[in-house]
Amino acid sequence: MASITIDGKTLKVKNGTTILKAAEQIGIEIPTLCFLEEINEIGFCRICIVEVEDEQDLVSACNTEVASGMVIHTNSEKVKESRKATLDLLASKHRFDCWRCPKDGMCEFYDMLKEHDIVFEEFGPGIGRTDEQIVGTGISQDLTKCILCKRCVAVCQEVVTANVLKFRDEDPLNPVVSPTPGLTFDESGCIFCGQCVKACPTGTLFETNHVEDLENVLLEDNYVIAQIAEEARIGLREEFGVDIQDESFDDVFDQALKMIGFEEVVATGVAEDLHVSALGEELYQHLQAKNDGPLLSSWCSGFVRYSELYYSDYLDQLSKLRSPHILQGSLLKHREHKGKDNVKVISIMPCTSKKYEITREELKVNDEQVVDYVLTVREIAKMIKRRGFDMENMKPSVKQDSPYALARKTSYDLLENVLAYVANKMNVPFEKPKYKVIHGERLVETEGVIEEATIKFGKEKFHVLRVSGGQAVKQMYQLLKDGKKKYAFADVSHCANGCMNGGGQAIRHNVEVHDVILARDEAMRRMHENKETTTNEYANNLLDEFFTEKRELLETSYSVKEFTKE
Amino acid sequence: MATESLNVKELYEKWILDAKTKLTEEDLVPRVKEYLIGQHPEICGKCAPCRDGVIKLEQLLDQYIEGTATIKTLKEIERLTYNLRASRCSVGLDIGKNMEVILENDYHVLYKPVKKY
Ligand code: SF4
Ligand code: SF4
Ligand code: SF4
Ligand code: SF4
Ligand code: FES
């Protein structure tokens, strides 16, 4: 233990604790900018500096450990002046257009300038270090706003394990954080998970904008349908500041969508139930055929692209199924509204990689996309907020009398649903799997988590995996390579903690990631709590139809995707 | 690179830090700027106080050279100099300390052109 004094209060903390964490223990919050716990603790930004008595220089609280006897001032004149000067310097190299910035309202940098009451004296607001704009199908980057905090680099490497973004200091006075210079994100091996977008404290990294395209689609003579993922529902409640468990808000939100011109607003329930059954069927066939290696789920477009880019030896293992919103897009366009040529389908997702997914050639039908645009939770929220509706007094929309308006009928646990389907098919009783963590830890993004369960179908035993997070995906492929144990199936999400923590979710920068995830999971549990889980007859009938006459709408293919390695 | 910056350091010690310096008042500002430029190869680029601060200091010194400096210029030089104490490594910290010595020894040289009365 070390005895230290912070702002006049004496306390004892464990050796090895950073000044930042020690201060937290007594309720003092030292401002930070580049710091991301366990991910980016590198002391780049110098905003968290504090004064330590008898030390001649200011020290960064985020990566300096306490030493016994330290007397620390977190808010002295020197500290305040220094923070202001540093912010001034950063601002002098930053292009401001806050009112139309993708991070408008969620910008940590803006909040910090405001909190420190930054006044431009000698050096006014800047034009950016470079005016370069880097495009990508799912995410993009506007380098005029980069403050070089390196958070995105750490996330892309440590959490996602794609190594796309790098801190490039060939010219140390003008460093750049970017993918391979001169290349787009698509060409640099990006999987478009958007985790870097969420980590970026500025509007430098952002989801590739589909808002303007959608505005145009709504203006033209189109029949526009919105399909909303359940995880996006929860993020939207956060965006609009209502109780995260308040399901009644969902209907109000749907009304707002109608008011901006959507003809239909549907859930993704049919699609998910359909996907689960089809995946169950695929797994059943896979087990019957006694194929080597596990079947890998394919609903996560980030994971699919990751495999195509980095683990192409395993593409045969990937489920042939299209992801739920793609399935439903083709159902809406080519079945429910068959013959109409002005139907547009918009997915509202907690995911940025779905923006890329919809453009995949492999998923087009008659050379056309089945989903026209994907809006993240943030994008659609921004569109609605712009209209200035009085949401509090808005009458909820009347639910459509359509199976597509309903939430999924199966439970939230995909793996369990799939296994239950197989058990049913085999005519054996189904026991809920008991999971054991074999890698990482839930909520720890730098590790991800792999859970394993052994499941008995009659006399036969199978091992299955549930994998979430980039590091866990990497580890899973290592397990498959080692081949020590045979697995039948793996349910994989590339984002740590799944889509609930997807790159298109609401950004909550004043709340600990752990708390955000737990609250969202709880809201999801509540949403399903009182709903009986049954099989979705509508979806199952559709499945038969798909299998007999629309197989090409159900399945897809994969191929090695090229990128330029650095 | 290393030898060049060593030379700069040497020059710096002789011309600027030495109390009995023969450096004329007109020489001070350009020499300090030269010193700062000489430090560029050492700068790693990771933190703003040093990476961006040093460049701004040079621009402020330019205001002296161009004759556009005001008292604000001097205040800003002071501020950015002190802020180098927040640097991430000894490169920025050392530049800061050297700049502080200049302020201590030669404040009058910088004050004279910007004073009002
Ligand atoms: S990044 Fe932040 S400060 Fe910069 S323009 Fe966007 S909102 Fe404004
Ligand atoms: S979207 Fe994902 S893979 Fe692409 S740069 Fe960002 S973190 Fe890396
Ligand atoms: S892109 Fe964003 S997260 Fe990455 S270094 Fe720049 S400001 Fe930081
Ligand atoms: S886990 Fe979900 S949010 Fe993340 S990339 Fe996959 S589908 Fe998108
Ligand atoms: S938060 Fe500590 S240096 Fe950036």
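Structure notes:
- Of everything listed in (1) among the acidic types (Asp, Glu); (2) more than 30 Å from B:ALA69 (Cα to Cα); (3) over 24 Å from the mean Cα position of the chain (by Cα), the single unmet condition for A:ASP142 is (3).
- Residue under evaluation A:VAL79, criteria (1) touching a His at 6+ places or on another chain (Cβ under 7 Å); (2) open to solvent by 10 Å² or more (accessible area, probe 1.4 Å); (3) among the β-branched types (Val, Ile, Thr), criterion not met: (2)
- Residue in the range A:266-279 that is crowded, with 24+ Cβ neighbours inside 10 Å and under 22 Å from A:GLU452 (Cβ atoms) present: yes
- The residue pairs whose first member lies in the range A:383-408 and is within 23 Å of A:ASN541 (Cα to Cα), whose second member is open to solvent by 40 Å² or more (accessible area, probe 1.4 Å) and among the aromatic types (Phe, Trp, Tyr), and whose beta carbons are closer than 6 Å, counting only pairs six or more residues apart or on different chains, are A:PRO403/A:TYR538.
- Residues of the range A:336-354 that turn out to be of a type in the set (D, E, K, R) and touching a residue at least 60 places away in the same chain (Cβ under 8 Å), as a count: 4
- Condition met for B:GLN59 (in contact with a helix residue (DSSP H, G or I) (Cβ under 6 Å, 6 or more places away or on another chain) and open to solvent by 10 Å² or more (accessible area, probe 1.4 Å)): no
- Among (1) at pLDDT 95 or above; (2) in a loop (DSSP other than H, G, I, E, B), the one test that A:LEU443 misses: (1)
- Taking (1) within 10 Å of chain B (Cβ to nearest Cβ); (2) part of a helix (DSSP H, G or I); (3) of a type outside the set (D, E, K, R); (4) within 30 Å of A:VAL211 (Cα to Cα) in turn, A:PHE109 satisfies each apart from (1).
Yes/no matrix, rows are residues, columns are (1) within 13 Å of chain B (Cβ to nearest Cβ); (2) crowded, with 23+ Cβ neighbours inside 10 Å; (3) within 13 Å of ligand 3 (Cβ to nearest atom):
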residue: A:LEU148; (1), (2), (3): yes, yes, yes
residue: A:VAL177; (1), (2), (3): yes, yes, yes
residue: A:GLU187; (1), (2), (3): no, no, no
residue: A:CYS193; (1), (2), (3): no, yes, no
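- Some residue of the range A:233-253 being within 26 Å of A:LYS333 (Cα to Cα) and among the polar types (S, T, N, Q): no
- Members of the range A:334-367 found to be within 16 Å of ligand 4 (Cβ to nearest atom), part of a helix (DSSP H, G or I) and either open to solvent by 50 Å² or more (accessible area, probe 1.4 Å) or in contact with a Gly (Cβ under 6 Å, 6 or more places away or on another chain) (or both), listed by number: A:SER353, A:LYS355, A:TYR356
- Tabulated pairs, the range A:287-312, first in contact (Cβ under 8 Å) with a residue 24 or more places away in the chain and on the phi > 0 side of the Ramachandran plot, second open to solvent by less than 50 Å² (accessible area, probe 1.4 Å) and assigned to a helix (DSSP H, G or I), C-beta under 6 angstrom, 6+ apart or interchain: A:GLY293/A:GLN317
- Within the range A:154-175, the set of residues being touching a residue at least 60 places away in the same chain (Cβ under 8 Å) and either open to solvent by less than 40 Å² (accessible area, probe 1.4 Å) or within 14 Å of another protein chain (Cβ to nearest Cβ) (or both) comprises A:ALA154, A:VAL155, A:VAL159, A:VAL160, A:THR161, A:ALA162, A:LYS166.
- A:ASP111 vs. criteria under 28 Å from the mean Cα position of the chain (by Cα), at pLDDT 95 or above and open to solvent by 30 Å² or more (accessible area, probe 1.4 Å): yes
- Taking the range A:500-556 as the range and being under 27 Å from A:LEU375 (Cβ atoms) and among the hydroxyl-bearing types (Ser, Thr, Tyr) as the test, the residues that pass are A:TYR538, A:THR556.
- Qualifying residue in the range A:493-507 (condition: over 14 Å from the mean Cα position of the chain (by Cα) and not in a strand (DSSP E or B)): no
Conditions tested, residue by residue: (1) hydrophobic (A, V, I, L, M, F, W, C); (2) under 20 Å from A:LYS198 (Cα atoms); (3) touching a strand residue (DSSP E or B) at 6+ places or on another chain (Cβ under 9 Å).
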residue	(1), (2), (3)
A:ILE348	yes, yes, yes
A:THR352	no, yes, yes
A:GLN369	no, no, yes
A:VAL377	yes, yes, yes
A:LYS395	no, no, no
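Condition check ((1) in the same structural domain as A:ARG305 (by TED's automatic domain parsing); (2) under 26 Å from A:SER188 (Cβ atoms); (3) touching a residue at least 60 places away in the same chain (Cβ under 8 Å)) across all residues:
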residue	(1), (2), (3)
A:PRO102	no, yes, yes
A:GLU108	no, yes, yes
A:LEU113	no, no, no
A:PHE123	no, no, no
A:GLY126	no, no, no
A:ARG129	no, yes, no
A:ILE134	no, yes, no
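The values are calculated or read from the model by the stated rules, or taken from the named source; none is laboratory data. Small disclaimer: the values here were computed from a predicted structure and weren't measured. Note: ideal-geometry Cβ built from the backbone for every residue, glycine included; neighbour counts use all protein chains shown. The protein model used for the area step is the full one, side chains on, heavy atoms only, and it has no ligands, DNA or RNA in it. Shrake-Rupley method; radii C 1.70, N 1.55, O 1.52, S 1.80 Å.
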